[in-house]
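The structure appears right after this line, and notes come after that.
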């Protein structure tokens, strides 16, 4: 019994997990998109895209536009976590 639980069951569990994920992703890919999902305005140059993503990652600019008070505390928390 311990052999089954320790050596065989983990492989069965991983196989079930992977098959379940594949099943779900296939289902999601079959669902039609009701409207095109575009991000506007999107930078056209690679440097512009890198700059926009970097700015969002480091400064949380979209959060700052939405809620300035939340942005301050979220940014401070992430800076503190980065220092650890």
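A short reminder: the numbers here are calculations on the coordinates, not readings from a lab. Small disclaimer: the values here were computed from a predicted structure and weren't measured. Positions of Cβ are generated from backbone atoms using ideal geometry, with glycine treated the same way; all protein chains shown enter the neighbour counts.
Just a few scattered comments:
- Ratio of the Cα radius of gyration of the chain to 2.2 N^0.38 Å, where N counts its residues: 1.84
- Tilt relative to the chain, helix 68-83 - C-alpha long axis, 0 to 90 degrees, to 10: 60
- Taking the C-alpha atoms only, the angle from helix 9-30 to the longest principal axis of the chain is near 50 degrees.
- Estimated 222 nm signal from helices in the chain, with DSSP H stretches of n ≥ 4 weighted -39500 (n - 2.57), rounded to 500: -22500 deg cm²/dmol
- Cβ-Cβ FRET estimate between residue 38 and residue 18, R0 fixed at 35 Å, reported to 0.05: 0.60
- Inter-label distance, residue 31 to residue 4: 3.8 nm, where each label sits 7 Å from its Cα along the C-beta direction.
- Shown for 31, 25: other C-beta atoms within 10 Å of each C-beta, ranked fewest to most, produce the order 31, 25.
- Axis of helix 46-59 versus longest Cα principal axis of the chain: the two differ by about 90°, to the nearest ten degrees.
- Linear extension gain, residue 75 paired with residue 57, 0.36 nm per residue minus alpha-carbon span: 5.5 nm
- Each of 77, 83 was scored by other Cβ atoms within 10 Å of its Cβ. Arranged with the fewest first, they read 83, 77.
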